[in-house]
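Undergrad: My structure is below; once you've seen it, I'll send some questions.
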Amino acid sequence: MPVKDLTVGPLLEAEKEKPSRDRDPVHPQLARPQKVGFVSLGCPKNLVDSEVMMGLLARAGAELTRRAEDADVIVVNTCSFIESAQQESINTILEMAGLKTTGKAKKLVVAGCLVERFRDQIRKDIPEVDAVVGTGELENILAATGVASPASSTNSPFTILTSRPEGDARAAQGRFSRESWDGAIGDLPNYLYDEETPRVLATPRHMAYIKIAEGCDHPCTFCIIPQLRGQFRSRRFASVVAEAERLAQSGVREITLIGQDTTCYGEDFGLKDGLALLLEKLAAIEDLRWVRFLYAYPNKITGKLMETIASHEKICSYMDVPLQHASASVLKRMKRGGGADVFLGSIAKMRQTIPDLTLRTSFIVGFPGETEKEFEELCDFVREVQFDWMGTFSYSDQEGAAAFDLDKKLSPREIERRRKHLMSIQRQISKKKKKKLIGREFDLLLEGESEETELLLEGRTPMHAPEIDGKVFVNDFPEDSKPEPGRFYRCEITEAHDYDLVARIV
Ligand code: SF4
């Protein structure tokens, strides 16, 4: 079972320098620091939540450990996006619960999306769980772990109260309703960290994610994230910039902006083209070398955004636009709009405006009622666009999502057949595209020894977002050099596989 143990980085320098009076008071009954172990599941957005909780704990005096077996308290930050993610979360909780008998652990805390979805059930069915912390209650991690007294962690100084008119309208229509969910608390999550919030980075020292917004207002019928994470709200512009500057000062060279929908950034403040303005500002931070963003909503990609990417060297020519499908009729049932023709038009524009654009997308196959013809439309679209990176999810039925009530569900077997088929088309596309890169030179951020073999090094080019895209294996470098992780090198691509590349440092 895949369990992601965090590589716990140091508390950000600026945080360590804070006078102790500004830190959270340690629980008076604690004679020695609590050792807290974290397991973070799911996406980078959840990882940032884990980093914030670890930051709050470290600031309050807890000791963070990478080994769950050594921890006094174990926190599992869960994902509840689709059924397989829920299952992985439950398996991990059960595995960690075992450490309460075989290991040192005295407490088990469950945090994250699974708590928003199954709050009461977790406590009822897994008695080893001592406390739960929802996505809107991150500062409650102090009381839940027993690291600080409850008084210091009940009022949230980080709650912000902005919203988009679309979000308010959808709220009135019941988009965020969780009434049918057993134990869900009445208030939707409304938490957002800011530049003052301590964070312990779990990513390698040279890269960091910044969450610029939280929640989502879109009506996608397959998705329960709006109910799990609340209405869309953006962090203040100055707060994001201040955090990016601080990260750059502490050695971070690559920043990836994330949120459920990064392209809506700033709309709740009445800011037009907020993401483009933010990228421009971050590109001016001297010590940063690469800035990129993930999770763009297709109809929110403006001319200004494309031009901003094209005109700044530090902004990676990289777009991640989850399209979910290409058939207009399926997209209509998904309540997303658009279709192959519309998408082809905007992709042509992106490629025209941004030279050498790397385009990533993801699709859902097997949406209720998806006919063979609609699926073929999607396959044709994929053949035509020739994406650089593509992910395919199997439709997962979620109680509470509007699609749950739709007829004509496909069998899991048929959904899997379609997923495999779509991915086999993409494999051929990727293979061809990667082959064309042989002989070309790129900047490479060296990440260190390869996870697959210690005989190779591993890195990424601007075409590779952290963690989600293929890899670049480095098998050669000048004899007199000693490549160091976290530094940039010029490399030449020498070999290509289906998704991965092999390069030499020149
Ligand atoms: S844009 Fe759609 S799929 Fe993405 S988080 Fe929002 S509702 Fe879910």
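Undergrad: Six or more apart or on different chains, Cβ under 6 Å: which pairs go from a residue in segment 255-268 that's over 22 Å from Lys314 (Cα atoms) to one that's within 16 Å of the ligand (Cβ to nearest atom) and of a type in the set (Ser, Thr, Tyr)? Could you list them?
TA: Asp268/Ser163; Asp268/Ser234
Undergrad: Quick check, is Arg170 over 16 Å from Lys45 (Cβ atoms), modelled with pLDDT under 95, within 16 Å of the ligand (Cβ to nearest atom) and buried (at least 19 other Cβ atoms within 10 Å of the Cβ)? Can you show your working first?
TA: On the way: over 16 Å from Lys45 (Cβ atoms): yes; modelled with pLDDT under 95: yes; within 16 Å of the ligand (Cβ to nearest atom): yes; buried (at least 19 other Cβ atoms within 10 Å of the Cβ): yes.
So Arg170 passes the test.
Undergrad: I'd like the full set of residues that are open to solvent by less than 10 Å² (accessible area, probe 1.4 Å) and of a type outside the set (Ser, Thr, Tyr), limited to segment 50-67.
TA: Glu51, Val52, Met53, Met54, Gly55, Leu56, Leu57, Ala60
Undergrad: For segment 145-167, enumerate the residues that are in a loop (DSSP other than H, G, I, E, B) and at pLDDT below 75. Can you show your working first?
TA: If we filter segment 145-167 for residues that are in a loop (DSSP other than H, G, I, E, B), which is where we start, we get 146-147, 149, 154-158, 160-164.
Those that are in a loop (DSSP other than H, G, I, E, B) and at pLDDT below 75: Ser149, Thr154, Asn155, Ser156, Pro157, Phe158, Ile160, Leu161.
Undergrad: Is it true that some residue in segment 216-229 is in a loop (DSSP other than H, G, I, E, B), away from the ligand (no atom under 15 Å from the Cβ) and either modelled with pLDDT of 90 or more or touching a strand residue (DSSP E or B) at 6+ places or on another chain (Cβ under 7 Å) (or both)? Step through it out loud before you land on a result.
TA: In the first step, residues of segment 216-229 are kept if they are in a loop (DSSP other than H, G, I, E, B); the result is 216-224.
Still in the list and also away from the ligand (no atom under 15 Å from the Cβ): none.
Among the residues of segment 216-229, not one is in a loop (DSSP other than H, G, I, E, B), away from the ligand (no atom under 15 Å from the Cβ) and either modelled with pLDDT of 90 or more or touching a strand residue (DSSP E or B) at 6+ places or on another chain (Cβ under 7 Å) (or both), which makes the answer no.
Undergrad: Now a separate question. Tell me, which residue of segment 176-215 that is within 16 Å of Ser80 (Cα to Cα) and away from the ligand (no atom under 16 Å from the Cβ) is least open to solvent (accessible area, probe 1.4 Å)?
TA: Per the criteria, the residue is Trp181.
Undergrad: State all residues of segment 260-290 that are open to solvent by less than 60 Å² (accessible area, probe 1.4 Å), away from the ligand (no atom under 16 Å from the Cβ) and outside any helix (DSSP H, G or I); if no residue qualifies, say none.
TA: Gly266, Leu271, Asp273, Ile285, Leu288, Trp290
Condition check ((1) in contact with a Gly (Cβ under 8 Å, 6 or more places away or on another chain); (2) modelled with pLDDT under 50; (3) within 23 Å of Ile212 (Cα to Cα)) across all residues:
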{"position": "Glu15", "(1), (2), (3)": "yes, yes, yes"}
{"position": "Pro19", "(1), (2), (3)": "no, yes, no"}
{"position": "Arg23", "(1), (2), (3)": "yes, yes, no"}
{"position": "Asp49", "(1), (2), (3)": "yes, no, yes"}
{"position": "Ala68", "(1), (2), (3)": "yes, no, no"}
{"position": "Ala71", "(1), (2), (3)": "yes, no, no"}
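Undergrad: Can you find a residue in segment 236-247 that is within 16 Å of the ligand (Cβ to nearest atom), outside any loop (DSSP other than H, G, I, E, B), surrounded by fewer than 24 Cβ atoms within 10 Å (Cβ to Cβ) and not hydroxyl-bearing (Ser, Thr, Tyr)? Before the answer, list the steps.
TA: First, pick out the residues of segment 236-247 that are within 16 Å of the ligand (Cβ to nearest atom): none.
No, the conditions are met nowhere in segment 236-247.
Undergrad: Limited to segment 291-305, what total is found for residues that are more than 25 Å from Phe488 (Cβ to Cβ), more than 16 Å from the ligand (Cβ to nearest atom) and open to solvent by less than 10 Å² (accessible area, probe 1.4 Å)? Show your work before the answer.
TA: Filtering segment 291-305 down to residues more than 25 Å from Phe488 (Cβ to Cβ) leaves 295-305.
Retained after the next criterion (residues that are more than 16 Å from the ligand (Cβ to nearest atom)): 302-305.
From what's left, open to solvent by less than 10 Å² (accessible area, probe 1.4 Å): 305.
Of the residues in segment 291-305, 1 are more than 25 Å from Phe488 (Cβ to Cβ), more than 16 Å from the ligand (Cβ to nearest atom) and open to solvent by less than 10 Å² (accessible area, probe 1.4 Å).
Undergrad: Being at pLDDT below 95 and either under 22 Å from the mean Cα position of the chain (by Cα) or among the polar types (S, T, N, Q) (or both) is the requirement here; does Glu458 meet it?
TA: Details: at pLDDT below 95: no; either under 22 Å from the mean Cα position of the chain (by Cα) or among the polar types (S, T, N, Q) (or both): yes.
No, not satisfied.
Undergrad: Scan segment 369-385 for residues that are open to solvent by 70 Å² or more (accessible area, probe 1.4 Å) and under 22 Å from Asp397 (Cα atoms) and jot them down.
TA: Glu372, Lys373
Undergrad: Another question about this same structure. With Gly439, Gly470 as the choices, which residue is open to solvent by less than 20 Å² (accessible area, probe 1.4 Å) and not hydrophobic (A, V, I, L, M, F, W, C)? Give the derivation first.
TA: Values: Gly439 fails: open to solvent by less than 20 Å² (accessible area, probe 1.4 Å).
Criteria check complete, one pass: Gly470.
Undergrad: Given the conditions (1) closer than 21 Å to Asn140 by Cβ; (2) in contact with a strand residue (DSSP E or B) (Cβ under 8 Å, 6 or more places away or on another chain), and given that Asp70 satisfies all but one, which numbered condition is not satisfied?
TA: The single condition Asp70 does not satisfy is (1).
Undergrad: Which one is farthest from Pro466 (Cα to Cα) among residues in segment 309-346 that are within 16 Å of the ligand (Cβ to nearest atom) and surrounded by fewer than 18 Cβ atoms within 10 Å (Cβ to Cβ)?
TA: Quick first cut of segment 309-346, residues within 16 Å of the ligand (Cβ to nearest atom) only: 319-326, 330-338, 343.
Within this subset, residues satisfying the condition of being surrounded by fewer than 18 Cβ atoms within 10 Å (Cβ to Cβ) are 332, 335, 337.
Values: Lys332: 32, Lys335: 30, Gly337: 29 Å.
The qualifying residue farthest from Pro466 (Cα to Cα) is Lys332.
Quick grid of which residues meet (1) open to solvent by 40 Å² or more (accessible area, probe 1.4 Å); (2) assigned to a strand (DSSP E or B):
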position: Arg413; (1), (2): yes, no
position: Arg427; (1), (2): yes, no
position: Lys431; (1), (2): yes, no
position: Met463; (1), (2): no, no
position: Ile493; (1), (2): no, yes
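Undergrad: Only one of these is within 22 Å of Asp500 (Cα to Cα) and surrounded by fewer than 21 Cβ atoms within 10 Å (Cβ to Cβ): Ser362, Ser396. Name it. Reasoning before the result, please.
TA: Values: Ser396 fails: within 22 Å of Asp500 (Cα to Cα).
Matching residue, one of Ser362, Ser396: Ser362.
Undergrad: Search segment 215-234 for residues that are on the phi > 0 side of the Ramachandran plot and pair each with any residue that is within 9 Å of the ligand (Cβ to nearest atom) when their beta-carbon atoms are under 8 Å apart and the residues are at least 6 apart or on different chains.
TA: Gly215/Pro226; Gly215/Arg229; Gly215/Phe232; Gly215/Gln260; Gly230/Gly215
The values are calculated or read from the model by the stated rules, or taken from the named source; none is laboratory data. Please read all numbers here as calculations on a predicted model, not as lab measurements. For neighbour counting, all protein chains shown are included, and Cβ atoms are generated from backbone atoms with ideal geometry for every residue, glycine included. Heavy atoms of the whole protein, side chains included, go into the accessibility calculation; ligands, DNA and RNA do not. Shrake-Rupley method; radii C 1.70, N 1.55, O 1.52, S 1.80 Å.
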